[in-house]
Amino acid sequence: MRTLLELLRIIFIFVLLGGLGWAIIGNIYTINEPTETYSWLGALAILVLYFVLYRNKLQFSGWYKGKGRKKLPKTVSITLIFTSIILIIAPFIMGSLLN
């Protein structure tokens, strides 16, 4: 039962926070029409950032208390965060270069 509750919690967190993040970033991408084509990269970046947040902080405050609850290694966290930042910036670069 705890596992099911934790899965529901994960879905709720990703949908709620993902929607909030997309509402903020999506409006920025609509300013420039060529960037709208590549705005899906920003959505992917948001999901990666929430994955890092969940694995490093939120998984320890949930219902699931089983084995395998470890933080991501620091190098993996930094790499994923850096990749997300690049993905957030990429639609502006791709929109100006390819159009």
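The values are calculated or read from the model by the stated rules, or taken from the named source; none is laboratory data. The structure presented is a predicted model; accordingly, all values stated were derived computationally and were not measured. Every residue, glycine as well, gets a Cβ built from its backbone with ideal geometry; the counts of neighbours run over all protein chains shown.
Values for this structure:
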| item | result |
| --- | --- |
| Criterion (within 19 Å of the chain's Cα centre (by Cα), surrounded by fewer than 12 Cβ atoms within 10 Å (Cβ to Cβ) and not in a loop (DSSP other than H, G, I, E, B)) met by exactly one of Thr75, Thr79, Thr83 | Thr75 |
| Extreme residue, surrounded by the most Cβ atoms within 10 Å (Cβ to Cβ), among residues of the range 30-63 that are in a helix (DSSP H, G or I) and among the hydroxyl-bearing types (Ser, Thr, Tyr) | Thr35 |
| Matching residues in the range 50-87 - criterion: being within 26 Å of Arg2 (Cβ to Cβ), aliphatic (A, V, I, L, M) and modelled with pLDDT of 90 or more | Val52, Leu53, Leu72 |
| Condition met for Thr30 (closer than 22 Å to Thr83 by Cβ, β-branched (Val, Ile, Thr) and touching a helix residue (DSSP H, G or I) at 6+ places or on another chain (Cβ under 9 Å)) | no |
| Residue within the range 13-23 that is surrounded by 13 or more Cβ atoms within 10 Å (Cβ to Cβ), in a helix (DSSP H, G or I) and modelled with pLDDT of 90 or more present | no |
| Residue pairs meeting the criteria (Cβ under 7 Å; at least 6 apart or on separate chains; first closer than 27 Å to Gly95 by Cα, in the range 40-64; second among the hydroxyl-bearing types (Ser, Thr, Tyr) and in a helix (DSSP H, G or I)) | Gly42/Tyr29; Ala45/Ser84; Val48/Thr83; Val48/Ser84; Leu49/Ser84 |
| Residues of the range 1-12 that turn out to be modelled with pLDDT under 85 and assigned to a helix (DSSP H, G or I), as a count | 3 |
